[in-house]
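Asks: Before anything else, here's the structure in question.
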Amino acid sequence: MVSYSIVDTGDSRSFPEDHPFLAGAGAEGEVVAYIGFGAVSSWQEDPSRTAILVELTTETLGEATGESRGEEGSNTVGFARFRVGDGVPSDLVELVRQPHTDAAALEAARMVLEGAGLQVAECFDFAGRILDRLIRPYYNEALAKLDEGLATADDMDLTVKLGLGYPEGPIELLERTGLHHHHDVTQALFEVYGTKHYAPARRARVAKKRAERGLS
Amino acid sequence: MTTIQTVGVCGAGTMGAGIAIVAARAGYRTVLYDTNMKALERARGQTEAFLAKSVERGKLTQEQVDAAMAAYKTTDTLDGLAECDIVIEAVFENLSVKQELFAKLNAVCPEHTLFASNTSTLSITQIASGCGREDRVVGMHFCLPAQLMKLVEMSPGLNTSDTAFSAAWAFCEALGQKPVKTKDAPGFILNYFLVPFNNDVIRLIEAGVAEPADIDRSIKAGLGYKMGPCELLDLIGLDTQVLLCDAFYGVTHDPRCAAPPLLHRMVAAGHLGRKSGRGFFSYDTDKMYGA
Ligand SMILES: NC(=O)c1ccc[n+]([C@@H]2O[C@H](COP(=O)([O-])OP(=O)(O)OC[C@H]3O[C@@H](n4cnc5c(N)ncnc54)[C@H](O)[C@@H]3O)[C@@H](O)[C@H]2O)c1
């Protein structure tokens, strides 16, 4: 067992509700986890810890730690529990490292997260990490193809469920979790990467404009 | 509208053998055609074994299987398809091979016979072009393995008549399959989404963002997919992924469809996936997946 404490910096996308990870924290510990929307700005260096975890949303870890010559890396790691829009967070945590991150810090972070029943996938520090980077172009394509009349929304959803075994189709998933949230995530990726596949699809832009006026 | 009683299947490979099982199981007289006798024998053997398993599992009765096998014929000449009300082709994925086949079939089959293509990457309109019955050609894209997967993506070509499309649709439902309607567009729905998605995965690995195992874990635990994309690519075969990329990139010029350099390197290194024992993962057995 690795002991850990939590620094609460505001609402957390990863842990919006009670979770064994929150319940398992103590007042002090070998590891400290900054959670909430202020995690990146609240982060402080602390070489006495085995690991420092910083919750990320669309930020990258380097914005907290700084970067230098491709040699960055310390006892600080980033993490985000994967979640689409308003959907409940999944059990998957993307654990973010830098080129020279301490192996002991990664190991301790993994133990703390897995100890709370979460699954860990490690990745390097790039915007969108693994999942958002992969699914956002797919969602944008699905929305664009709906506009082009490739198939009905129901048929598109049914096709990926029957043909690929996905639990949910892209259109129903975006409806369930909030299309305007998709806009925000993919817009942020578009600004970083500049490739057109991240540009929010027309339907996502419409949903965003309406959300700004308080409409669903 | 013609009632379909006899179904022809061209090509006794992976897909054709499965489609013929679907037709025979649904009670149609089924004629499987291939120029390769060995492929026909193999398909018959697979069909017998599959139907026997279905009896064991209580999905079919022995009487149903006996009736299906009695109505199941193989042929290595095109004339064997002369009685068919619909012919589904699953020959090599090559435009001129498919065009020639339909043109020849046009002379063999009666006026009313519908032609369907199981193509994954080619255009239905192009396959139909010049065959002599462009209004009676439809796309019927089954999924692998056809005898287990219900989905069929159905698409009309530009010259397909509504009557022909509705007749093929009703036939698809009578097969016990679940048709969805798509346009005659590259990759229809499934491959249109899947092929570039898988390329994005390969590019993420190439860019050093994450390892294959971490990507697969993310997709499965984060999205609830049954299989991770790297496992799936290993199963599809990385050489097949190159062919899919080339087909789609050639038509769409979408950079996401272009084969990533890492994919070419892996193919050159002989890392083709399960079939070569190594792809994104290593396999210590040469047994086929699911065998
Ligand atoms: N394999 C898949 O996952 C999959 C899925 C959906 C659709 N498809 C499509 O199905 C078709 C067949 O694919 P497959 O994987 O079954 O191929 P395959 O190579 O396993 O089988 C093709 C068969 O067609 C026969 N053949 C070739 N040309 C012929 C001709 N002119 N006349 C008669 N027989 C001929 C060959 O002898 C071979 O037995 C292709 O169009 C492919 O794109 C494949």
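Asks: Once the piece of chain linking A:Ala104 and A:Asp91 is laid out straight, how much longer is it, given 0.36 nm per residue of separation minus the C-alpha distance between them? Present the calculation step by step, with values, prior to reporting the outcome.
Replies: Working: separation 13, 0.36 × 13 = 4.68 nm, distance 2.28 nm.
Computed gain between A:Ala104 and A:Asp91 is 2.4 nm.
Asks: Could you give the accessible area per residue of chain B, probe 1.4 Å, as a whole number in Å²? If you can, show how the numbers build up before the last one.
Replies: Numbers: 12640 Å² over 291 residues.
Result: 43 Å² of accessible area for each residue.
Asks: My understanding is that a pair violates if its Cα-Cα distance is over 30 Å; which of B:Lys53/B:Lys104; A:Lys196/B:Lys183; A:Lys145/A:Lys208; A:Lys161/B:Lys275 do that in this structure? Numbers along the way, then the final one.
Replies: On the way: B:Lys53/B:Lys104 37 Å; A:Lys196/B:Lys183 24 Å; A:Lys145/A:Lys208 19 Å; A:Lys161/B:Lys275 26 Å.
With Cα atoms farther than 30 Å apart: B:Lys53/B:Lys104.
Asks: Three principal axis extents, largest first, for the C-alpha atoms of the range A:132-210, in Å?
Replies: Here the Cα extents, ordered largest to smallest, are 34, 25, 22 Å.
Asks: Another question, then. Accessible area per residue for chain A in Å², computed with a 1.4 Å probe and the full protein assembly in place, what is it? Working shown, then result.
Replies: Numbers: 9600 Å² over 216 residues.
Per-residue value: 44 Å².
Asks: Now, a different point. Take B:Asp76 and B:Thr35, extend 7 Å from each Cα along the Cα→Cβ direction, and tell me the distance between the two endpoints in nm.
Replies: Between B:Asp76 and B:Thr35, the simple spin-label model gives 1.2 nm.
Asks: Which of the trypsin sites (Lys or Arg not before Pro) found in the range B:219-291 are loop residues per DSSP with 14 or fewer other Cβ atoms within 10 Å of their Cβ?
Replies: Numbers: sites: B:Lys220, B:Lys226, B:Arg256, B:Arg265, B:Arg274, B:Lys275, B:Arg278, B:Lys287; in loops: B:Lys226, B:Lys287.
Passing sites in the range B:219-291 are B:Lys226, B:Lys287.
Asks: Can you pull the percent of Cα pairs in the range B:132-291 with separation above 29 Å?
Replies: In whole percent, the share of Cα-Cα pairs in the range B:132-291 beyond 29 Å is 29.
Asks: Another question about this same structure. For helix A:131-148, report the angle its Cα long axis makes with the longest principal axis of the Cα atoms of chain A; keep it between 0 and 90° and round to the nearest 10°.
Replies: It works out to around 10 degrees.
Asks: Additional query: Less than 12 Å apart at the alpha-carbon level, and either on another chain or at least 8 residues along: which aspartates and glutamates does that give for B:Lys98?
Replies: Answer for B:Lys98, where 12 Å is the Cα cut-off: B:Glu89, listed by chain and number.
Asks: Please label the shape of the range B:191-279 as rounded, prolate or oblate, based on the square roots a ≥ b ≥ c of the eigenvalues of the alpha-carbon gyration tensor (a/c under 1.5 means rounded; beyond that, a/b larger than b/c means prolate, else oblate).
Replies: Values: a/c = 1.57, a/b = 1.21, b/c = 1.30.
Oblate is the answer for the range B:191-279, as a/c is 1.5 or above yet b/c matches or exceeds a/b.
Asks: Here's another thing I want to ask about it. Whole number please: convex hull volume per residue of the Cα set in the range A:4-124, in Å³? The partial results should precede the final answer.
Replies: Working: hull volume 11.2 nm³, N = 121.
With only Cα atoms used, the range A:4-124 gives 93 Å³ per residue.
Asks: For the range B:128-135, in order, what is each residue's ³J(HN,Hα) by Karplus, 6.51 cos²θ - 1.76 cosθ + 1.60 with θ = phi - 60°, in whole Hz (x at glycine and Pro)?
Replies: Once θ is set to phi - 60°, the couplings for the range B:128-135 become 6, 4, x, 7, x, 9, 4, 6 Hz.
Asks: What is the sum of charges around B:Gly224, taking Lys and Arg as +1, Asp and Glu as -1, for the other residues whose C-beta is under 14 Å from the C-beta of B:Gly224? Spell out each step's value before the answer.
Replies: Values: positive: A:Arg83, A:Lys161, A:Arg176, B:Arg217, B:Lys220, B:Lys226; negative: A:Asp91, A:Glu168, A:Glu172, B:Asp216.
Net of charged neighbours comes to +2.
Asks: Roughly what percent of Cα-Cα pairs across the range B:6-181 reach past 30 Å? Kindly include the intermediate steps, with their values, before the conclusion.
Replies: Details: 1600 of 15400 pairs.
Pairs farther apart than 30 Å: 10 percent.
Asks: Okay, next question. Tell me, which residues of the range A:166-187 get at least 20 Å² less accessible area when the other protein chains come in, versus the chain alone (1.4 Å probe)?
Replies: The answer is A:Tyr166, A:Pro167 - residues whose exposure falls by at least 20 Å² when every protein chain is included.
Asks: Let me ask something additional. Which of these, A:Gly165, A:Gly117, A:Gly128, has the largest mean-square fluctuation under a Gaussian network model of chain A (Cα springs below 10 Å)?
Replies: A:Gly165
Asks: Go through the range B:178-198 and flag every residue whose accessible area shrinks by 30 Å² or more with all protein chains in place compared to the isolated chain (probe 1.4 Å).
Replies: Those residues are B:Lys178, B:Val180, B:Lys181, B:Lys183, B:Ile189, B:Leu190, B:Tyr192, B:Phe193, B:Leu194, B:Phe197.
Asks: Let me know the mean shielding of B:206-219 by other chains, meaning the per-residue number of their Cβ atoms within 10 Å of its Cβ.
Replies: Numbers: counts 0, 3, 4, 9, 9, 3, 0, 2, 7, 5, 2, 7, 15, 8.
Mean partner-chain Cβ count within 10 Å for B:206-219: 5.
Asks: Find the relative contact order for chain B and round it to a whole percent, using C-alpha pairs within less than 8 Å whose residues are 6+ positions apart. Before the final figure, lay out the partial values.
Replies: Details: 512 pairs, mean separation 37.7, N = 291.
About 13 percent, as a whole number.
Asks: What share of all Cα pairs of the protein assembly as shown, in percent, falls into each consecutive 20 Å distance bin?
Replies: Here the calculated profile for the protein assembly as shown is 21, 47, 25, 7, 0.
Asks: Amide H neighbours of B:Val152 under 5 Å, at least 5 residues apart or on other chains, H built in the peptide plane: list them.
Replies: Residues meeting the amide H criterion: B:Lys178, B:Val180.
Asks: Could you run the numbers on buried accessible area between B and A, total for both chains, 1.4 angstrom probe, in Å² to the nearest 100?
Replies: Details: alone 14360 and 11270 Å², together 22240 Å².
So the buried area, both faces added, is about 3400 Å².
Asks: Next up: For chain B, what is the calculated [θ] at 222 nm in deg cm²/dmol (nearest 500), taking -39500 (n - 2.57) for each run of four or more DSSP H residues and dividing by its residue count?
Replies: Per the formula, -14000 deg cm²/dmol.
Asks: Carbon and sulfur: what percent of the protein assembly as shown's accessible surface (1.4 Å probe)? Present the calculation step by step, with values, prior to reporting the outcome.
Replies: Working: 11490 of 22240 Å².
Carbon and sulfur together cover 52 percent of it.
The values are calculated or read from the model by the stated rules, or taken from the named source; none is laboratory data. Because the structure is a prediction, the values reported are computed rather than measured. Cβ sites come from the backbone with ideal geometry, for glycine too, and all protein chains shown count toward neighbours. Accessible surface is based on the protein model in full, side chains and every heavy atom, while ligands, DNA and RNA are left aside. Shrake-Rupley method; radii C 1.70, N 1.55, O 1.52, S 1.80 Å.
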